[in-house]
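These notes are about the structure you will find just below.
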Amino acid sequence: MYIQSGELVTILEVKEKLKSKLVTSLRLRILVLLTAVGVVPCLILKAAILNSHVDKSVAANVAEIQNQCTILSNQLKNYNYIADTKSEVINAEIVQLSNVYNGRILIINDEFRIIKDTYELDEGKTVVSEDVIRCYKGKSTTIYDEANSYIEVTTPVKEGKKVIGVILMSVSTDLYMDSQKALKHMADVLVGTMAVFIFLIAVVLSKLMVYPFARITKAIEAVNEGFESENLHEMAYTETALISDAFNKMLVRMRAVDDSRKEFVSNVSHELKTPLTSMKVLSDSLLAQDDVPVELYKEFMGDIAEEIERESKIINDLLSLVKMDKTSANLNIQQENINELVEHILKRLRPIAAQRNIELVFETFRPVTAEIDEVKMSLAFSNLVENAIKYNKENGWVHVSLNADHKYFYVKVADSGIGIPKEDAENIFERFYRVDKSHSREMGGTGLGLAIARSAIIMHRGAIKVYSDEGEGSTFTIRVPLTYVV
């Protein structure tokens, strides 16, 4: 089958994405965790039971063999079997004991010679082993060789306190191993059945546990598609409740931003259209007259120039904000004298304040130098002071102060203006937001000045706050690090 290279790459990419999703899937991890929590204890319990069964079976068998060997040793002593092995009673009992346990019994005299072997293979041979020697010292021994599947027990034959012989009995544990295998098979079947049952339960539980997150995902996708009318109420877990709360706050913010954007588009459209309409009316008036007096021509051209300036200011504000977004990582940081910078800004704005008889005062507490982008920080200070003048009362005042400590410098801009309602104080730094739309239009505002100032200050890792009551003026405080940290 022929597959084009592009299609093959796409198929591989899809497979890789699916594999990645499976590996990072919360449901899969919960499924694995629940299955492991259920199955692993079963496996541990199975191993413990099997080992315990073997240990108990071996211990019981060893005890029983030792008991039988002890009885046999007493009979060997009573019949003086070590000296004379012709006793039919003892020989018959030894053979019977060997057959009962399916084992081998060796009787060893005090010369370490085998005088009786139920297998009749090693009679007359000498046996010197650590266990036999230890047994001749009066200590019984027991060996369980799991690898070779046998138990070996040695028991001394005593006459008084003297050891005159040793009984060495070897018993195969194959019978126990067969029982162990049968028990293991039953345990495997039981554990396998439980594992399947636990897995099915884990599948159901994992689905139920992640279902709230699926609903959250669905709600987010709905917002992505443009449906943002309903809030999210997913309270199944503390985590989903926190996500729902954060999502709803984000939704409220999105709605506010969207409403502000729509309002801004409407306002800016009007702001841009009004100067154009005025210029068109003025230019049409000039073109409609054949002999225009010089005075009227100058007057109309002056009005057109004012409208062009108004249009230019709106466009410059828009461009400044867009430029800050695109160059936030490209600040031109240099060591600047903040005192001189603020004084220069106030000098440029004093004529505007004088037109409304507004007192513009600058108070500085110490010389301040800091690492800033002079252009952007000037734009922030200018917008704040210009707003304080624009939205002030006739014969009012604007106080600008500058101070610093070892880490930050602080600029405060206070005015005696119209103030800001409490319900609008949280939104005034949003782009496109204006408190009083009609009044702002009269003042020539676009709703971008504070957004520009806030963007410039945040780019410097600073902070800006406002304290205001409606009708009682406003105070903006700025805190900016003296040393810029990337």
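The values are calculated or read from the model by the stated rules, or taken from the named source; none is laboratory data. Because the structure is predicted, anything quoted here is derived from the model rather than measured. Glycine gets a Cβ as well: all are built from the backbone with ideal geometry, and neighbour counts include every protein chain shown.
Conditions (1) more than 60 Å from the chain's Cα centre (by Cα); (2) without any contact (Cβ under 8 Å) to a residue 24 or more places away in the chain; (3) assigned by TED's automatic domain parsing to the domain that holds LYS77, marked per residue:
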| residue | (1), (2), (3) |
| --- | --- |
| ARG113 | yes, yes, yes |
| GLY138 | yes, no, yes |
| ILE143 | no, yes, yes |
| SER179 | no, no, yes |
| LEU183 | no, no, yes |
| MET194 | no, no, yes |
| VAL210 | no, no, yes |
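Within segment 342-372, the set of residues being within 49 Å of the chain's Cα centre (by Cα), in a loop (DSSP other than H, G, I, E, B) and crowded, with 20+ Cβ neighbours inside 10 Å comprises just one member, VAL368. Can you tell me which residue is nearest to MET459 (Cα to Cα) among those in segment 386-408 that are buried (at least 16 other Cβ atoms within 10 Å of the Cβ) and out of contact with any Asp or Glu (no Cβ under 9 Å at 6 or more places or on another chain)? In this case the residue turns out to be TYR408. Taken over segment 374-422, the criterion of being under 43 Å from the mean Cα position of the chain (by Cα) and polar (S, T, N, Q) is satisfied by SER378, SER382, ASN383, ASN403. The criterion of at least 3 residues that are within 20 Å of ILE372 (Cβ to Cβ) and either modelled with pLDDT of 90 or more or in the same structural domain as ASN387 (by TED's automatic domain parsing) (or both) is met, among helices (runs of 4 or more DSSP H) falling completely within segment 404-480, by 449-459. For the condition in the same structural domain as ASP84 (by TED's automatic domain parsing), part of a helix (DSSP H, G or I) and surrounded by 15 or more Cβ atoms within 10 Å (Cβ to Cβ), VAL157 does not qualify.
Residue count for segment 48-87 under the criterion of being out of contact with any Ser or Thr (no Cβ under 9 Å at 6 or more places or on another chain), without any contact (Cβ under 8 Å) to a residue 12 or more places away in the chain and surrounded by 15 or more Cβ atoms within 10 Å (Cβ to Cβ): the result is 1. Just the residues that are polar (S, T, N, Q) and under 26 Å from TYR408 (Cα atoms), please, taken from segment 344-397. Within segment 344-397, THR364, THR369, SER378, SER382, ASN383, ASN387 qualify. Against the test of being under 30 Å from LEU50 (Cβ atoms) and within 29 Å of the chain's Cα centre (by Cα), the options ALA222, ALA202 yield a single qualifying residue, ALA202. Of all residues in segment 96-111, those being in contact with a strand residue (DSSP E or B) (Cβ under 8 Å, 6 or more places away or on another chain) and either among the hydrophobic types (A, V, I, L, M, F, W, C) or outside the structural domain of ASP84 (by TED's automatic domain parsing) (or both) number 5. Scanning segment 183-199 for any residue that is farther than 30 Å from MET235 by Cα, in contact with a strand residue (DSSP E or B) (Cβ under 7 Å, 6 or more places away or on another chain) and either hydrophobic (A, V, I, L, M, F, W, C) or assigned to a strand (DSSP E or B) (or both) turns up nothing. In segment 91-123, the residue that is modelled with the lowest pLDDT out of those that are surrounded by 17 or more Cβ atoms within 10 Å (Cβ to Cβ) and in a loop (DSSP other than H, G, I, E, B) is TYR101.
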